[in-house]
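Laboratory data are not the source of any read-out in this text; all were calculated from the coordinates shown. In this text the structure is predicted, and so the values were computed from the model without any measurement. Cβ placement follows ideal geometry from the backbone for every residue including glycine, while neighbour counts extend to all protein chains displayed.
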């Protein structure tokens, strides 16, 4: 197991470098210029711009800039914002916890409600409640999350007045309920369907018949024998889901005006603040990589037939 | 955790308390399955009984209803699509079909246990064998995890699994086929049930391992004085272990007999066919006999005797009249105890 | 030699069809995977509904003038500013009301189908080609090539889709249709690549491929004649469902203000501009949103139905 973890961690390095390089080159190779963006519409002396670029290291070739960035990153330096002169790390430290909170909230919601719905439907496959679930999940998958967000906002904030349409900059837990539900709804549909299929399939397995023949109580048959086996594919999905939720948070944050990374990326993109964008995307990629490693390890715990060498 | 009255460790003598009635008696059992294409009548009026310490072999091809009957006894039929329109299953005189779910659950595993054919798929792949064995003690006897583990090791020793203590935490896929089947047997034996139903317990195993597992099962049955229902399609397997035999065809019993008499003098053409298709050393070099045709489709069972399209002795009456399961006698009319046949021409078959 | 190969090709389909059904069974099932699937699909209401929807949507995209005579760009602020829908005026210019510039929402919704569907179809076509190619090469050749291609796939897979698309698209001053298509395809091919790779690895070990190899078939022949056709089933299912996802993605990006932009008529563009009237005229936002949802639903249902038909085990 230890060797497997070590190998996986080693494999993460090229993926990590690749992802950062990808985002870095997308940010810098494509047209657009942070210094010009800073100046806005005003005409600025080209000499001055060149001087500024030199000072910021933006006149260097792309690979050199990337190397500088990476070197800084390994020393914990995410770079400095050009417009505000604030360290990027500060912006990340402010915005990241909010998005993590939102994504975690959505993740818990997805997992708990999704699995419960899936088990509920899968136990009685092809019955009315199964069909109903299929319909609900189809709708959740079809309606884009921003549409769902707007509908939720119109209904819960404007019509019923239960919540404020905008989340305050502190983003307290209770304010994040609605955004988290909206953010998690797509994944919820996938988790519910996956659980449903898996439960319905395992229900027919021979070992379930054995469990009944052993005279075990029903909740033990379902809770221990059925669920342990049915959760295996679901856990795999949930692993990649954390990264997806962090990415999807960009949209949800836009609707509910949450001051998280989505918002930060948005502002940074507008001002062509490359280092902020790259920094945030890098962190999301790390979250994704770590989550998928954890899931693979959990997979081995759930399914003893998997052996890592 | 459900705790039911704790039993003492000493096994109580079986069969002594109610030597009068049978341990298990199946009466006129019918099972049907409702499918998209119609109603499949899998079991059509089966009667059999088992006493403590007795072994009943139930023989038949796939689709003969032998496993479905066993599943009905065990209460593990999928219902729906399965349905039991008629019949009784008496366990120590009480009809289990009339019991509540909880009452039946208390019998399952504790009083009647089952051994399945494919141990690999019948054991839960993600739980250790120790956990699966220990579950019996934890659920039915309310033991702690630690006590249950100790009992599991004891059980694994009992079924002769080498290094039981070291292997108790292993998973089913880490054992060989024979060892897995021993674990299934151990699980069935765990609470020293009164009756064990073994559904083709050795079919999935190598021939050499088959004999070992069969011997083990027979030894343990003797030791605990249990009733045993042995379901098989292989006449060769049962000769040494069974006391009596019921041959099934198309959901009905076509012949019943004490085991040795059946081999000597079958009273049904189907049984005769089965016996003739066993390879024998003294007939080396000859072409092996095989029963012609296929087992009937349960959606469209032939009229009259279900075996008539495949029967070498079939007459017109076989295609129209359904043969009842009648007592078989000697030529002079003396009764042969325990023998019955469902053939219009049983006399010709047994005495001819 | 070619004859021998034809023979193996025929045998190749054998494992997927049941050899000879017992006489008792009503219909002999000696059909191939695809004709079997088609047989199932024709009687699946889910498939029929989605197929009809998709045909109608495609007709809208190709010939919007068949559905309305109104001009989606004609603005009459004075007369129609945020005029409410007239639900009983079926297929009329004012059926769905007018937007903030006094343009017929019905006409815009019809004409908007073209851009939205063009983006989705274009992206799906590109990712299917690229993803299948990468997945097939990685899966078939294995070894170092697989390691490299798989790591590259991981890199692209790790970058969140919408976030990545935002980064790429903000760099373009003018976001034309092909820019959006290329950007989404650039980021989206990984899913298909993973599915294709897994599928190819399974098929590579199948007896008919081993047999073809033993008979000396060339690599390109094995890949094109044996592996590709058999690996396509899961790819097509994933691609169909992804198509729905790209409709949604186009709208999402437009909503964020970085997808297609005016004067292009698209559902996303209208949703984006409809946000401002959310409180007083929600229909401006909701009607194109419903169109997006229906379209996504149609493709997802189609994908579901096709998957069920191809793999009855999943039911």
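For the stretch C:244-289 and the stretch B:290-331, what is the separation of their Cα centres, given in Å? Between the Cα centre of the stretch C:244-289 and that of the stretch B:290-331, the gap is 74 Å. Which of B:154, B:223, B:255 moves the most in a Gaussian network model of chain B with Cα springs under 10 Å? Evaluated over chain B, the most mobile residue of the options is B:223. In terms of Cα atoms, the Rg and Dmax of the stretch B:122-192 work out to 10.7, 31 Å. A crude spin-label estimate for the pair residue B:118 and residue A:63, with each label 7 Å from Cα along the Cβ direction, gives 5.7 nm. Highest mobility in the GNM of chain A, judged by mean-square fluctuation with C-alpha springs under 10 Å and restricted to A:107, A:150, A:74, is found for A:74.
Note on chain B: Cα convex hull, mean projected area over all directions, 19.8 nm². Expressed in units of 2.2 N^0.38 Å, where N is the residue count, the Cα radius of gyration of the stretch A:103-202 is 1.18. With respect to chain C, whose longest principal axis is taken over its alpha-carbon atoms, helix C:190-204 is tilted by about 20°.
Semi-axes of the equivalent ellipsoid for the protein assembly as shown, computed as √(5λ) from the eigenvalues of its C-alpha gyration tensor and ordered from largest down, come to 66, 32, 28 Å. Measuring between their Cα centroids, the stretch C:168-215 and the stretch C:119-165 lie 5 Å from each other.
Based on Cα atoms of the stretch A:61-136, Rg over Rh with Rh as the Kirkwood radius reads 1.38. Which whole number in µm²/s is D for the stretch B:43-167 by Stokes-Einstein, with the Kirkwood Rh taken over Cα pairs at 4 °C and 1.567 mPa s? It comes out at roughly 76 µm²/s.
Helical runs assigned H by DSSP (4 residues or longer) give chain B a calculated mean residue ellipticity at 222 nm of -8500 deg cm²/dmol, each run adding -39500 (n - 2.57) before division by the residue total. The per residue volume of the convex hull around the alpha-carbon atoms of the stretch B:106-160 is 92 Å³.
Axis of helix A:46-56 versus longest Cα principal axis of chain A: the two differ by about 50°, to the nearest ten degrees. The stretch A:96-302 gives an Rg/Rh value of 1.05, both radii derived from C-alpha positions and Rh following Kirkwood.
In chain C, Rg over Rh equals 1.07, where Rg is the alpha-carbon radius of gyration and Rh the Kirkwood radius from pairwise Cα distances. Every pair of different Cα atoms in the stretch B:225-301 enters the Kirkwood calculation, which places the hydrodynamic radius at 14.0 Å.
If both residues of a DSSP beta bridge must be in the protein assembly as shown, then about 65% of such bridges are antiparallel.
With axes computed from alpha carbons, what is the tilt in degrees of helix B:207-224 against the longest principal axis of chain B, rounded to the nearest 10 within 0 to 90? The angle comes out near 70 degrees.
Taking label points 7 Å from Cα along the Cα-to-Cβ direction, residue A:84 and residue A:159 give a separation of 3.7 nm. Looking at chain A as a GNM with Cα springs under 10 Å, which of A:272, A:209, A:131 has the largest mean-square fluctuation? Top of the fluctuation ranking is A:209.
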